[in-house]
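The values are calculated or read from the model by the stated rules, or taken from the named source; none is laboratory data. Only a predicted model underlies this, so the values are computations on that prediction, with no experimental measurement involved. Note that each Cβ is placed from the backbone with ideal geometry, even for glycine, and that neighbours are counted across all protein chains shown.
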Amino acid sequence: MSASEPLTCLGVGNRYLSGSLMADRLADHAARRGIDISCRSLDLPYPAEPAVPFPETLFDGVRAYWEAPSEIAARAQADEADPALREYVGPVDALADHLAGVDIVLLHNAPLSRNALAAASGLRVVGTVRTTPNNINIEDLNRRRIPLFTTPSRNAQSVAEHIVGALIAHVRGIVDGASSMAEGIWSFKPWISGSAGIQLSGRTCGLIGFGKVGSAFAVMARAIGMELIVSDPYADPGEVRDATGSDPFSLETILERSDVIVLTARLNQENTRFIDEAAFRRMKPSAVFVNTARSALVDQSALHRALTEGWIGGAVLDVYDNEPPSVLDGLTRLPNTLLTPHQAGATRDTAEHGADILAVSVTEYLATGSSHNCFNPSVLADR
């Protein structure tokens, strides 16, 4: 592809990450490389509301998010126009009328369906500010040999900081204390032995997964004074040794030795629900389990039993099988948990950083053919 060709870019954003931010960053980076790109933007109105209540029932087959599950379920039949997509916002064909004449489309979580792609006859490059592009019909992109660029490290620091903050808030009872003050109650619970918090320094933290999030968290955990041990069959043992002072451990050792267990592994076909009943039964009765990765890594029924039957001491969770969870989900009513609404990576910095990473990757592809951060590099073969 010639860098001198005039190109048109559409940035499709939302109420968190604007389309203009993505488009403008691309235009700026491209201009430095002498590439002329004409950009426009579109923002979808999601999240639809600042908050929604937990639904009173489970809606089967809900694949979109950032609005009330009942609203998504109401258009389920129309969204079957592309059943391959999930984790997207708005109607599945929301972009079908916006892609004519577009060479480059940059997205966050807008749906890029097969009908939308069919309308984009001149499309050359797609980019998304995500790690796993579940909102995009990758099969159609591959068939048309269109490269897709992602941003796998954009939120690592934000997620790591969330883990530290939520963990400290949980083990020190900070949320309970703040809630009591807001209600006009001065609590003495921190000064009663059975309900007093613990300090993390000197305790053992078992980290399952040593990717970008895990390695960012490792720095913070060691700064706090925790002993850090790691299990990750895909990690470079030398990098683990440099970060922790020891070689990687087996999963069984992590489960048995750790006071805090932090799950940051990537979900794949081999590790679905691998934190199961047997895993929880190996943990210390006082252990705190933290999951900001994917709920599908964990057997949720086993987690509920572990918390209610005393196999473990508590849990800090940011991801759930259903988001938002139903009022019927027993995990939402347990006193020994700290739950947040899938917000670990949601910072303004993540949005800015993701837009920059994407802009650089797409620009370098246009300028040199680079495949850095390309999700489907096989489409670039023989170019």
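Computed values, structure above
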quantity: Tally of residues being part of a helix (DSSP H, G or I) and either surrounded by 23 or more Cβ atoms within 10 Å (Cβ to Cβ) or without any contact (Cβ under 8 Å) to a residue 24 or more places away in the chain (or both) across the stretch 285-299; calculated: 0
quantity: Verdict on Asn134 being out of contact with any Leu (no Cβ under 6 Å at 6 or more places or on another chain), buried (at least 23 other Cβ atoms within 10 Å of the Cβ) and either assigned to a loop (DSSP other than H, G, I, E, B) or at pLDDT below 95 (or both); calculated: no
quantity: Out of Ser41, Ser70, Ser113, sole residue that is over 17 Å from Leu17 (Cα atoms), in contact with a helix residue (DSSP H, G or I) (Cβ under 9 Å, 6 or more places away or on another chain) and of a type in the set (Ser, Thr, Tyr); calculated: Ser113
quantity: Some residue of the stretch 145-158 being under 23 Å from Leu26 (Cβ atoms) and among the charged types (D, E, K, R); calculated: yes
quantity: So Val316, is it in contact with a Gly (Cβ under 6 Å, 6 or more places away or on another chain) and at pLDDT 95 or above; calculated: no
quantity: Given (1) of a type in the set (A, V, I, L, M); (2) exposed (fewer than 15 other Cβ atoms within 10 Å of the Cβ); (3) part of a loop (DSSP other than H, G, I, E, B), index of the condition Ile146 fails; calculated: (2)
quantity: Sole residue being under 23 Å from the mean Cα position of the chain (by Cα), in a loop (DSSP other than H, G, I, E, B) and of a type in the set (Asp, Glu), chosen from Glu56, Glu67; calculated: Glu67
quantity: Selection status of Arg294, out of contact with any helix residue (DSSP H, G or I) (no Cβ under 7 Å at 6 or more places or on another chain), in the same structural domain as Phe210 (by TED's automatic domain parsing) and of a type in the set (Lys, Arg); calculated: yes
quantity: Filtered residue count, the stretch 104-129, keeping only those that are closer than 30 Å to Gln343 by Cβ, free of Cβ contacts under 8 Å to residues at least 60 places away in the same chain and assigned to a loop (DSSP other than H, G, I, E, B); calculated: 2
quantity: Enumeration of residues in the stretch 355-383 that are surrounded by 18 or more Cβ atoms within 10 Å (Cβ to Cβ), among the β-branched types (Val, Ile, Thr) and closer than 18 Å to Gly34 by Cα; calculated: Val360, Val362, Thr363
quantity: Residue list for the stretch 180-189, filter: exposed (fewer than 12 other Cβ atoms within 10 Å of the Cβ) and either among the hydroxyl-bearing types (Ser, Thr, Tyr) or part of a helix (DSSP H, G or I) (or both); calculated: Met181, Ala182
quantity: Of the criteria (1) more than 22 Å from Leu328 (Cβ to Cβ); (2) crowded, with 18+ Cβ neighbours inside 10 Å, which one Ala302 fails; calculated: (1)
quantity: Residue that is surrounded by the fewest Cβ atoms within 10 Å (Cβ to Cβ), among those in the stretch 50-69 that are farther than 30 Å from Ala100 by Cα and charged (D, E, K, R); calculated: Asp60
quantity: In the stretch 88-122, the residues that are in contact with a Ser or Thr (Cβ under 7 Å, 6 or more places away or on another chain) and among the hydroxyl-bearing types (Ser, Thr, Tyr); calculated: none
quantity: Residue check, His353 assigned by TED's automatic domain parsing to the domain that holds Thr131, of a type outside the set (A, V, I, L, M, F, W, C), under 18 Å from Asn155 (Cα atoms) and more than 20 Å from the chain's Cα centre (by Cα); calculated: no
